[in-house]
There are 2 protein chains.
Amino acid sequence: MAENKIPYKIYLTEEEMPKAWYNLRSDMKVKPAPLLNPGTGKPLTAEELSPIFCEELVQQELDETTPYIEIPEEIRNFYKMFRPSPLVRAYCLEEKLGTPAKIYYKFEGNNTSGSHKLNSAIAQAYYAKKQGLKGVTTETGAGQWGTALSMACSYFGLDCKVYMVKVSYEQKPFRREVMRTYGASVVPSPSDTTEVGRKILAEHPGTTGSLGCAISEAVEVATKNPGYRYVLGSVLNQVLLHQSVIGLETKTALDKYGIKPDIIIGCAGGGSNLGGLIAPFMGEKLRGEADYRIIAVEPASCPSFTRGVYAYDFCDTGMICPLAKMYTLGSSFIPSANHAGGLRFHGMSSTLSQLYHDGYMEATSVEQTSVFQAAEQFARVEGILPAPESSHAIRVAIDEALKCKETGEAKTIVFGLTGTGYFDLVAYQKFHDGEMSDEIPTDEQLAASIAKLPKVE
Amino acid sequence: MAENKIPYKIYLTEEEMPKAWYNLRSDMKVKPAPLLNPGTGKPLTAEELSPIFCEELVQQELDETTPYIEIPEEIRNFYKMFRPSPLVRAYCLEEKLGTPAKIYYKFEGNNTSGSHKLNSAIAQAYYAKKQGLKGVTTETGAGQWGTALSMACSYFGLDCKVYMVKVSYEQKPFRREVMRTYGASVVPSPSDTTEVGRKILAEHPGTTGSLGCAISEAVEVATKNPGYRYVLGSVLNQVLLHQSVIGLETKTALDKYGIKPDIIIGCAGGGSNLGGLIAPFMGEKLRGEADYRIIAVEPASCPSFTRGVYAYDFCDTGMICPLAKMYTLGSSFIPSANHAGGLRFHGMSSTLSQLYHDGYMEATSVEQTSVFQAAEQFARVEGILPAPESSHAIRVAIDEALKCKETGEAKTIVFGLTGTGYFDLVAYQKFHDGEMSDEIPTDEQLAASIAKLPKVE
């Protein structure tokens with residue numbers, strides 16, 4: 001059997017690692033809608049963006065045509081410390097499910113940030129350093145992005161200020177401690193260190209914060225302090241560009257063994273992992289060279305693709321950020337406090353939104369307890385304790401594999417295992433103790449936050 | 001430069017992975033002293049050991065002559081889920097230190113148990129399953145071994161009872177939760193579920209437990225319940241045998257690139273990682289084929305090699321276990337409460353004790369805050385957040401590399417990075433907050449516990 005020749009883990013050699021990122025937009029006939037200046041309603045120029053982002057990142061953000069952008073050698077060297085990540089054949093899971101499907105997962109959790117976020121963090125820190133900046137600011141929710149950025153800044157000797165959603169700051173002291181190990185300063189958000197933070201605190205005393213608030217604070221600090229810029233871990237085109245390294249490695253590994261996937265599955269919060277994982281496959285689909293079923297999986301408690309609207313919206317609660325056209329639940333939407341892990345952003349990458357709108361991919365939402373059931377099942381047979389975010393993709397991969405069992409089809413399923421759940425054990429404990437629930441927003445709640453969308457056009 | 005050809009991470013292919021474990025004792029001219037029956041003072045027979053351990057493991061424990069023991073295919077398949085582990089060239093650390101030394105580390109932390117412990121856990125669970133047992137019992141301190149065994153038992157469908165030192169049970173709820181995810185039952189020790197536990201509680205009400213107590217409880221439960229056996233994560237010959245996979249992979253990886261190490265460094269608690277890492281190198285040394293400097297690193301707060309005596313002692317506090325000849329601080333010794341992480345066992349593997357006694361290896365002890373300084377420095381440049389245990393080896397590797405900087409020697413240093421520190425962030429926090437101290441036992445303390453050693457011979 002040729003089957004037997006496929007190892008449990010496919011590792012590329014350093015020579016086989018990507019030397020350029022792939023810019024998915026270059027192959028899109030209908031480009032994603034541009035970011036707008038909320039004041040003028042006009043597309044943002046490079047000049048307007050440069051007080052917020054590093055110059056080179058502004059170029060990447062706006063570049064819709066260059067197909068491949070070289071990965072600087074310094075970044076490739078850093079990648080070599082934790083990449084290539086393995087593409088794992090889930091032999092044990094397949095056996096346990098009794099499915100004829102062949103399941104593969106690209107595992108991005110083997111680094112201290114515990115997720116794929118480091119792929120973009122190191123790129124953004126590199127360009128900040130190259131521009132001679134003193135430091136960067138950012139927000140973090142569950143803490144993966146903040147940790148990744150702390151690691152990247154420590155490597156390049158940059159100052160790193162992280163606004164951490166207050167509820168996470170208090171509930172995840174260990175994430176905070178990892179960031180401190182890497183020398184970052186971590187501030188619970190909303191805080192009294194910014195104007196927008198003080199305003200939010202005055203309006204909502206006792207609030208435990210949200211990603212949208214933390215973004216507003218981080219952007220304010222970056223724009224008011226000379227030598228600082230703001231960096232973001234998802235949603236933006238530049239982030240999807242850096243994350244394409246996930247998909248490029250996956251494709252090279254599959255090609256090495258002549259494997260063609262039928263279904264590609266990724267969890268979707270802001271879209272950084274999904275956009276990266278699917279990039280080269282979606283490219284082939286856009287160019288008409290191949291066809292794949294591509295499935296975005298989101299939490300039922302924060303369902304931007306499946307229950308949101310496709311419209312211009314703010315990326316932050318403070319409404320100081322650019323407007324992006326995306327599937328959104330409205331920037332005032334806050335998911336249930338019971339919702340564990342990340343994937344709690346109200347919007348979605350503009351690039352992925354356009355592709356979804358144009359029918360190039362599907363989306364589905366899954367409920368929390370079924371996600372943790374899949375997580376536990378996966379952990380017990382494949383060994384890895386998955387992050388709640390990643391477990392959304394596991395849930396749907398298992399469901400698709402079970403469909404194959406019914407039909408007898410030996411489909412090839414590839415999913416993204418974005419990270420590990422070492423810092424999510426409070427959620428696992430709730431699951432074990434039967435204290436986890438499946439609260440999803442009512443139609444009325446969604447209508448209320450969507451009604452507050454800015455008027456554009 | 002040929003140098004440039006050595007990748008950041010050397011991965012073996014699945015075909016290059018070891019197919020047999022190496023039994024270091026087979027090359028020792030002076031064999032380690034046998035386990036004794038505490039009642040008769042005579043060497044324990046296979047018959048006497050089989051109520052405690054699985055039959056096949058008893059054979060491995062007593063086998064001093066077979067050089068290679070085949071790794072069963074089921075275990076090799078499980079190994080493929082998390083092995084081969086990478087041998088990493090610490091290019092970034094070398095650059096940061098400005099040393100001409102070449103530093104490599106064998107990283108065993110890329111699995112959910114977070115350490116090398118899984119290498120032996122899966123072997124012990126396999127033999128228990130093969131013998132048709134219902135389950136196994138064990139103790140765990142810092143929690144790495146308990147987690148590893150839970151994962152292994154879940155894979156083979158065995159029941160798993162873990163006695164967890166009470167202070168760890170309370171301070172490390174997340175470790176406990178990972179074990180629950182894998183279906184293990186976790187009991188804080190000392191408990192009222194065993195005779196020995198009730199006795200210890202009566203004598204020391206309010207005690208927070210010790211590894212020695214937990215061993216006594218786990219052994220009692222295994223021997224009193226039909227279909228159960230006891231398993232141990234370190235110290236024993238069988239464990240060192242399974243852990244030889246670390247050293248065998250390391251040697252194959254080095255040989256592939258024609259690299260000959262000058263110094264091999266490992267942290268030492270009970271000796272499972274150190275014994276595994278050095279096995280094939282020590283074999284060459286014993287056979288007179290090569291010479292290496294081999295350094296065991298232990299915590300100054302639990303210094304069995306450097307301040308203990310070489311004598312027969314109990315492995316447990318309840319004194320129901322066999323007597324082992326080893327470097328020991330006395331089975332009543334308990335390290336300072338300030339001591340973080342594992343490496344808190346009062347004794348040391350008999351095999352390593354004999355080798356140390358015969359001058360085949362060195363030992364050194366390091367103080368806690370200097371260990372965490374090394375840990376933080378390593379994390380910042382190499383990305384990985386190391387376990388406190390592993391950081392003992394990092395400390396000495398850095399010190400040796402700095403000596404090379406002084407002398408200009410380009411020595412090749414290999415050390416074992418046994419695991420990750422995700423569950424040790426309370427200790428990291430104490431370090432950051434200046435609340436960590438370097439308490440070491442006084443001569444009087446050691447004399448008192450050593451005076452209680454059993455009289456043998």
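The values are calculated or read from the model by the stated rules, or taken from the named source; none is laboratory data. As the structure is a prediction and not an experimental result, all values here were calculated from the model. Reconstructed Cβ throughout: ideal geometry from the backbone, glycine too, with neighbour counts over all protein chains shown. Side chains included, ligands, DNA and RNA excluded: accessible areas come from the protein's heavy atoms. Shrake-Rupley method; radii C 1.70, N 1.55, O 1.52, S 1.80 Å.
Of all the criteria given as (1) away from every other protein chain (no Cβ under 14 Å); (2) touching a residue at least 12 places away in the same chain (Cβ under 8 Å); (3) open to solvent by 30 Å² or more (accessible area, probe 1.4 Å), the one not satisfied by A:Glu376 is (1). Here is a check on your reading of the model: is B:Gly408 of a type outside the set (S, T, N, Q) and under 22 Å from the mean Cα position of the chain (by Cα)? Considered against the rule, which asks whether it is of a type outside the set (S, T, N, Q) and under 22 Å from the mean Cα position of the chain (by Cα), B:Gly408 comes out as no.
Answer yes or no as to whether A:Tyr79 is open to solvent by less than 10 Å² (accessible area, probe 1.4 Å), within 13 Å of chain B (Cβ to nearest Cβ), not small (Gly, Ala, Ser) and not in a loop (DSSP other than H, G, I, E, B). Taking the combined requirement at face value, the residue satisfies it. For B:Gly98, the criteria (1) without any contact (Cβ under 8 Å) to a residue 40 or more places away in the chain; (2) surrounded by fewer than 21 Cβ atoms within 10 Å (Cβ to Cβ) hold in every case but one, which is (1). When region A:397-420 is limited to residues that are touching a Ser or Thr at 6+ places or on another chain (Cβ under 8 Å) and within 16 Å of A:Ala387 (Cα to Cα), the one that is farthest from the other protein chains (Cβ to nearest Cβ) turns out to be A:Gly416. Scanning region A:322-338 for residues that are in a loop (DSSP other than H, G, I, E, B) and either aliphatic (A, V, I, L, M) or without any contact (Cβ under 8 Å) to a residue 12 or more places away in the chain (or both) yields A:Leu329, A:Ile334, A:Ala337. If the condition is being of a type in the set (A, V, I, L, M, F, W, C) and in contact with a Gly (Cβ under 7 Å, 6 or more places away or on another chain), then region B:122-147 contributes B:Leu133, B:Ala142, B:Trp145.
B:Tyr126 meets all of the listed conditions (1) assigned to a loop (DSSP other than H, G, I, E, B); (2) of a type in the set (Ser, Thr, Tyr); (3) open to solvent by 10 Å² or more (accessible area, probe 1.4 Å) but one, namely (1).
For region B:82-110, residues that are in a helix (DSSP H, G or I) and facing chain A (nearest Cβ under 9 Å) total 3. For region B:272-291, residues that are open to solvent by less than 10 Å² (accessible area, probe 1.4 Å), in contact with a helix residue (DSSP H, G or I) (Cβ under 6 Å, 6 or more places away or on another chain) and of a type outside the set (A, V, I, L, M) total 4. The set of residues in region B:421-457 that are acidic (Asp, Glu), surrounded by 13 or more Cβ atoms within 10 Å (Cβ to Cβ) and within 14 Å of another protein chain (Cβ to nearest Cβ) contains only B:Asp424. Between B:Glu61, B:Glu47, the distinction of being open to solvent by 50 Å² or more (accessible area, probe 1.4 Å), in a helix (DSSP H, G or I) and more than 14 Å from chain A (Cβ to nearest Cβ) belongs to B:Glu47 only. Looking across region A:157-194, just one residue is within 14 Å of another protein chain (Cβ to nearest Cβ), β-branched (Val, Ile, Thr) and open to solvent by 10 Å² or more (accessible area, probe 1.4 Å), and that is A:Val186. Going by what's in this entry, would A:Ile264 be described as in a helix (DSSP H, G or I), aliphatic (A, V, I, L, M) and open to solvent by less than 10 Å² (accessible area, probe 1.4 Å)? No; evaluated as a whole, the condition is false for this residue.
Within the set B:Gly359, B:Gly341, the sole residue that is outside any helix (DSSP H, G or I), of a type outside the set (A, V, I, L, M), open to solvent by 10 Å² or more (accessible area, probe 1.4 Å) and in contact with a Pro (Cβ under 6 Å, 6 or more places away or on another chain) turns out to be B:Gly341.
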